[in-house]
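Please treat every number below as a calculation from the coordinates, not as lab data. Here the structure is a predicted model, which is why all the values come from computation and not from measurement. Ideal geometry is used to build each Cβ from the backbone, glycine not excepted, and the neighbour counts take in all protein chains shown.
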Amino acid sequence: MSEPLQFVFDVSGENFTSAGEASVTVKKNLRMLGFAPDIIRRVAIAMYEGEINMVIHAGGGVATVTVFPDRIEMVLDDRGPGIADIELAMREGFSTAPDNIRNLGFGAGMGLPNMKRNTDSMKIESELGKGTKITMTVNT
Amino acid sequence: MTVKNIAERLSLRALSMPDPEREATCGYAGDLLSWVMGRAAEGSVWATVMTNVNVIAVAALADTAAVVICEDSAVPDDVISVAKEKGINLFSSELPIYEFCVALSQVIK
Ligand SMILES: Nc1ncnc2c1ncn2[C@@H]1O[C@H](COP(=O)(O)OP(=O)(O)OP(=O)(O)O)[C@@H](O)[C@H]1O
Ligand SMILES: [Mg+2]
């Protein structure tokens, strides 16, 4: 058995005006690997929302994308403040984004719902003061 | 209809047009990025007044055919260069979003 293909990105929390780099790179790689456009688009959307959330809400983190024979798995792991109420955070429209971030067009409270809608599975593990780890898969 | 064709018909100013032959099939208007990300169809012409670089990332990831910055909203040079770098069709129009969408609906049938 060969090792599954894996891409790992250190997502910086410094600069949210250039965020999205990891997602754009993943999209490019998946396209080169010949995945169907619909699969790529779903991965790209879910990954971008997760990446941006790490930048905006958690001061950055690590994004790992693994290509398994039957699915693409995305893991977004941060050491941010954690999510107090996951059920509430998952609701469309819920956002704690500050004004300066909202001015950039974020803060609709649609990121987590977009991640859910575009993936086949999504698991959120979060502990206040420790961080958040989100695991998502898209079946291929 | 191709993006180039739409641009000509609607007198759009091309800020970046790396893919003039891209087919545009519909339109989407909005400024909230996650909203656009979740709802804009692939191949749409996205009308917005937002002009920061995250717009380019959203356009790239959601696979829109073109972004049209309406109301002559000022687009920073670095945003234009990122659009070119990422292969994103980016235009500006003096029309308000509503007027632009009305005009777009006349050319995309
Ligand atoms: N990685 C994270 N760490 C800490 N809190 C998070 C994280 N991801 C999401 N949250 C919390 O969940 C809320 C909802 O997230 P969601 O992505 O749905 O909306 P948003 O990021 O606020 O706005 P949008 O994604 O529409 O621009 C956030 O406002 C934030 O409070
Ligand atoms: Mg978000």
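Data table
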| read-out | value |
| --- | --- |
| In the stretch A:105-132, residue surrounded by the most Cβ atoms within 10 Å (Cβ to Cβ) [restricted to those that are part of a strand (DSSP E or B) and more than 9 Å from ligand 1 (Cβ to nearest atom)] | A:Met122 |
| The stretch B:3-46, subset over 18 Å from A:Gly105 (Cβ atoms), without any contact (Cβ under 8 Å) to a residue 40 or more places away in the chain and under 13 Å from the mean Cα position of the chain (by Cα), residue surrounded by the most Cβ atoms within 10 Å (Cβ to Cβ) | B:Lys4 |
| Total residues in the stretch A:37-60, condition free of Cβ contacts under 8 Å to residues at least 40 places away in the same chain and not in a helix (DSSP H, G or I) | 0 |
| Candidate set: the stretch A:20-35, residues that are among the aliphatic types (A, V, I, L, M) and assigned to a helix (DSSP H, G or I); chosen: the one nearest to B:Val82 (Cα to Cα) | A:Val24 |
| Residue check, A:Arg102 free of Cβ contacts under 8 Å to residues at least 12 places away in the same chain, surrounded by fewer than 16 Cβ atoms within 10 Å (Cβ to Cβ) and within 13 Å of ligand 2 (Cβ to nearest atom) | yes |
| Failed condition for A:Arg117, given (1) within 14 Å of chain B (Cβ to nearest Cβ); (2) in contact (Cβ under 8 Å) with a residue 60 or more places away in the chain | (2) |
| Selected residue (criterion: farthest from the other protein chains (Cβ to nearest Cβ)) from residues of the stretch A:82-104 that are near ligand 1 (Cβ under 6 Å from one of its atoms) and within 15 Å of B:Trp35 (Cβ to Cβ) | A:Phe94 |
| From A:Ala63, A:Ala97, A:Ala84, residue being in contact (Cβ under 8 Å) with a residue 24 or more places away in the chain, more than 15 Å from ligand 2 (Cβ to nearest atom) and not charged (D, E, K, R) | A:Ala84 |
| Residue in the stretch A:126-133 that is in contact with a strand residue (DSSP E or B) (Cβ under 6 Å, 6 or more places away or on another chain) and within 14 Å of chain B (Cβ to nearest Cβ) present | no |
| Residues of the stretch A:24-36 satisfying the condition of being of a type outside the set (A, V, I, L, M) and either without any contact (Cβ under 8 Å) to a residue 60 or more places away in the chain or within 16 Å of ligand 2 (Cβ to nearest atom) (or both) | A:Thr25, A:Lys27, A:Lys28, A:Asn29, A:Arg31, A:Gly34 |
| Hits in the stretch A:23-48 (condition: more than 9 Å from every other protein chain (Cβ to nearest Cβ) and among the β-branched types (Val, Ile, Thr)) | A:Thr25, A:Val26, A:Ile39, A:Val43 |
| Of all residues making up the stretch B:51-65, the number that are within 17 Å of A:Val24 (Cα to Cα) and either away from every other protein chain (no Cβ under 11 Å) or of a type outside the set (A, V, I, L, M, F, W, C) (or both) | 5 |
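Residue-by-condition table, conditions (1) on the phi > 0 side of the Ramachandran plot; (2) surrounded by fewer than 24 Cβ atoms within 10 Å (Cβ to Cβ):
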{"site": "A:Asn15", "(1), (2)": "no, yes"}
{"site": "A:Gly20", "(1), (2)": "yes, no"}
{"site": "A:Leu33", "(1), (2)": "no, yes"}
{"site": "A:Ala44", "(1), (2)": "no, no"}
{"site": "A:Met54", "(1), (2)": "no, no"}
{"site": "A:Gly59", "(1), (2)": "yes, yes"}
{"site": "A:Arg71", "(1), (2)": "no, yes"}
{"site": "A:Pro81", "(1), (2)": "no, yes"}
